[in-house]
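Input: a single structure, listed below in structure tokens.
Bear in mind that the values in this text are calculations on the coordinates, not laboratory data. All values derive from a computational prediction rather than experimental measurement. FYI the Cβ positions are ideal-geometry reconstructions off the backbone, even for glycines, and counts take in every protein chain you see.
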Amino acid sequence: MWRRPFPWLIVVAALLFALVPYFTNDVGMRESLLLAAIYIILASNLNLMIGYAGYVNFGNIVFFGLGGYICLYLVTAWHVHVIVAALIGGVAVSAVALLFGTGILRLRGAFFALATIGVNQAVQQLVVNFEPWGGATGIYLSLDSYKPFGGPMQALWWMYLLIVLLTAASMLLSYVIKNSKFGLGLIAIGQNEDAAAVLGVPTARYKALVYSASAFLPAMAGGLYFFKSGIIEPGAAFNLEQSIEAIVMLMLGGAGTILGPALGAVLYEEMRGILLTTQYLSHFQLVIAGVLLLIIVQFVPGGLLGWLHRLWPRTRGWLQ
Amino acid sequence: MSELLVVNDISKRFGGLQAVSHLSLTVNEGEILGLIGPNGAGKSTVFNLINGVYAPDTGSVEFAGQDITGMPPHRVARLGLARAHQIVQPLGALSVLENCTVGACFGRENLPLAEARETAREMATKVGLGDRLDLIASSLTTAGKKRLELARALSARPKLLLLDEVLAGLNPTETEQMIATVRQIRASGIAILMIEHIMRAVMSLSDRIVVLNLGAKLAEGTPQEVAENPEVITAYLGDSTIMQAAEASP
């Protein structure tokens with residue numbers, strides 16, 4: 001794997017992400033890059049489902065939220081170290097996804113998409129009524145929780161670095177899967193599921209596995225992100241809008257490619273920043289996102305990278 | 001010759017339509033068995049029952065000594081039973097080579113990716129797609145897509161190949177080439193069960209023929225026997241002069 005240039009590109013990009021704000025000590029830049037990093041994680045893992053296997057997971061944010069809840073619960077109630085707690089969150093959410101996936105992945109197309117929204121809403125309602133997790137008010141962290149890192153300021157930096165690490169891991173996961181037999185099987189499913197089955201691809205197993213795999217890193221990221229925020233509540237954790245935004249980013253950059261979702265995430269984050277700070281547009285961010293999605297799906301279904309590939313077919317080889 | 005595929009008394013009903021009723025047939029190792037019958041006779045349904053797309057209502061299917069009745073398609077494929085579809089099913093956004101690699105990866109030999117690519121390249125070249133390996137599958141011509149179906153099925157290194165009208169929609173030259181390819185495949189030791197409407201082709205290629213009508217077996221025998229069977233001539237071919245024309249040509 002390390003003989004190809006691509007993984008090194010990811011490592012260098014991640015180092016830049018991590019080191020530039022750190023050495024310039026620019027907290028504003030860090031916060032904006034943090035958001036971009038989270039977006040990349042969401043879009044990139046969603047890509048495994050949408051871009052590879054061809055299944056639109058509308059409720060993808062449930063992984064992020066549930067991971068966040070499990071992590072913060074373990075940190076507050078059991079005093080588990082946040083990194084361990086996030087890891088447990090990742091594993092637990094992946095396991096739940098495997099279970100759910102085996103069921104709802106029998107559905108196809110729009111029915112599957114609707115079912116995933118259902119999963120998100122159901123989990124949200126469950127959490128709202130679940131007292132150990134604070135019900136509708138959620139879980140708050142005390143400042144003591146940041147002590148292992150030497151205080152909140154240092155903890156914020158640590159969380160940022162760890163999230164950048166997860167971002168790099170997401171990209172590498174996309175890369176490894178795409179260049180594996182598993183990935184080929186998934187892409188075959190995405191192209192024509194019935195034909196794939198006749199060719200010998202174990203469709204049911206692969207779909208459940210990728211659903212589960214696409215849950216792991218977002219769930220861990222949710223843990224770290226909400227630890228950094230110091231609070232988690234159901235509305236913020238299971239925000240369907242964020243799910244849809246992740247789809248927009250993915251489609252913008254190019255579903256099915258490795259760099260596309262990251263590119264789309266960064267561009268979307270920039271656009272969102274500009275819209276939110278422009279006086280008359282601040283309430284129209286989602287409207288614009290929706291219109292953007294329509295335009296992309298209608299006119300450039302391959303997203304930015306797909307468009308580049310069509311313009312210069314040679315880029316298909318190295319710009320994956 | 002030992003029996004490779006034994007279909008025993010299978011039936012399938014879709015609502016009010018009895019698509020296949022109590023059909024039995026056998027494919028021996030290394031032979032070509034032709035499956036013919038008028039449109040709607042249930043030929044493609046028989047294929048779907050054999051390779052697990054549908055489970056039969058009655059009866060059993062045995063392949064290479066193993067009971068595969070009701071087994072899901074991907075497991076049937078693993079055992080070495082590959083299929084080329086009547087309506088071509090390319091993985092449109094993938095290249096010719098990638099399409100065949102899927103076949104090789106998940107076929108009988110369950111190859112790792114790198115080796116699968118080699119097999120895929122070999123099989124694509126064998127059916128005459130060697131110069132179009134990197135072409136996107138959806139951009140192939142009809143004849144090209146038919147060849148791709150075949151190459152993809154062959155990449156699985158099957159013991160038995162189900163060919164569903166691989167000649168349909170091809171022009172005379174392409175048909176000749178395809179017939180030659182099918183002969184080569186049989187020569188390499190792969191048994192073939194083929195559905196075909198082009199009589200001249202199926203008569204000259206098949207060792208034996210099973211005639212299907214309204215989901216049931218009407219006749220079975222060598223091409224010669226089937227061609228001379230009066231029931232077949234009236235029920236299926238209608239006009240005996242068609243058969244005489246078929247015999248006259250090689």
Quiz prompt | Other-chain or far-sequence residues with amide H under 5 Å of B:I68's (modelled H) | solution = B:V61, B:E62, B:F63
Practice problem: Please build a GNM for chain A, connecting alpha carbons under 10 Å apart, and tell me which residue among A:I274, A:I104, A:I231 fluctuates the most. | Solution: A:I274
Quiz prompt | From phi via Karplus (6.51, -1.76, 1.60), per-residue ³J(HN,Hα) for region A:260-277 in Hz, x at Gly/Pro | solution = x, x, 5, 4, x, 5, 5, 4, 5, 4, 4, 4, 4, x, 5, 4, 5, 9
Quiz item: By DSSP, what percent of the beta bridges with both residues in the protein assembly as shown are antiparallel, rounded to the nearest 5?
Solution: 60
Quiz item: What shape does region A:116-228 take by its C-alpha gyration tensor, where a ≥ b ≥ c are the square roots of the eigenvalues and a/c under 1.5 counts as rounded, a/b above b/c as prolate, and the rest as oblate?
Solution: oblate
Quiz prompt | Where only alpha carbons of region B:174-233 are counted, the Rg and the Dmax (Å) | solution = 12.5, 35
Practice problem: Using the number of other C-beta atoms within 10 angstrom as an exposure proxy, rank A:W133, A:W78, A:W158 with the fewest first. | Solution: A:W78, A:W158, A:W133
Practice problem: Quickly estimate the mean residue ellipticity at 222 nm for chain B, helices only: each DSSP H run with n ≥ 4 gives -39500 (n - 2.57), and the total goes over all residues, rounded to 500. | Solution: -10500 deg cm²/dmol
Exercise. Would you look at the GNM of chain A, springs on alpha carbons closer than 10 Å, and say which of A:V210, A:V91, A:V300 moves the most?
Key: A:V300
Quiz prompt | Longest exposed-site-free window of chain A, the sites being trypsin sites (Lys or Arg not before Pro) in a DSSP loop that have at most 14 other C-beta atoms within 10 Å | solution = A:109-313
Quiz item: Check B:E31: other-chain or 5+ apart residues with amide H under 5 Å from its amide H, H built from backbone geometry?
Solution: B:I192
Practice problem: Among the listed pairs B:K43/B:K145; A:K207/B:K126; B:K12/B:K126; B:K12/B:K159; B:K43/B:K159, give every one whose C-alpha distance is greater than 27 Å. | Solution: A:K207/B:K126; B:K12/B:K126
Quiz prompt | Equivalent ellipsoid, region B:87-158 (semi-axes from 5 times Cα gyration tensor eigenvalues, Å) | solution = 18, 11, 11
Self-check item: For region A:281-299 versus region B:151-210, the gap between their alpha-carbon centres in whole angstrom
Solution: 51
Practice problem: Compute the Rg/Rh shape ratio of region A:13-112: radius of gyration over Kirkwood radius, all on alpha-carbon atoms. | Solution: 1.06
Exercise. When a/c is below 1.5 the answer is rounded, else prolate if a/b is larger than b/c, else oblate, so apply that to region A:143-295 with a ≥ b ≥ c taken from the square roots of the Cα gyration tensor eigenvalues.
Key: oblate
Self-check item: Rh (Kirkwood; distinct C-alpha pairs) - region A:248-301, Å
Solution: 11.4
Quiz item: Between region B:8-75 and region A:100-128, what's the alpha-carbon centroid distance in Å?
Solution: 36
Self-check item: Helix-only mean residue ellipticity at 222 nm for chain A, each DSSP H run of n ≥ 4 adding -39500 (n - 2.57), per residue, nearest 500
Solution: -24500 deg cm²/dmol
Quiz item: Shape call for the protein assembly as shown from the C-alpha gyration tensor, a ≥ b ≥ c root eigenvalues: rounded (a/c under 1.5), prolate (a/b greater than b/c) or oblate?
Solution: prolate
Quiz item: Gap in Å between the Cα centre of region A:193-249 and the Cα centre of region A:6-45?
Solution: 20
Exercise. Give the Cα extents of region A:170-244 along the principal axes, in whole Å, largest first.
Key: 49, 24, 18
Quiz item: Rounded to the nearest 5, what % of the DSSP beta bridges within region B:121-232 are antiparallel ones?
Solution: 50
Self-check item: D_trans [Stokes-Einstein, Kirkwood Rh over alpha-carbon pairs] for chain B, 4 °C, 1.567 mPa s, µm² s⁻¹
Solution: 71
Quiz item: Anyone know which of A:Q191, A:Q279, A:Q154 comes out most mobile in the 10 Å Cα GNM of chain A?
Solution: A:Q279
Quiz item: Just counting partner chain Cβ atoms within 10 Å, what average do the residues of peptide A:186-197 show around their Cβ?
Solution: 6
Quiz item: Taking chain A as the region of interest, what is the percent of Cα-Cα pairs per 20 angstrom bin, listed from the shortest bin to the one with the maximum distance?
Solution: 32, 60, 8
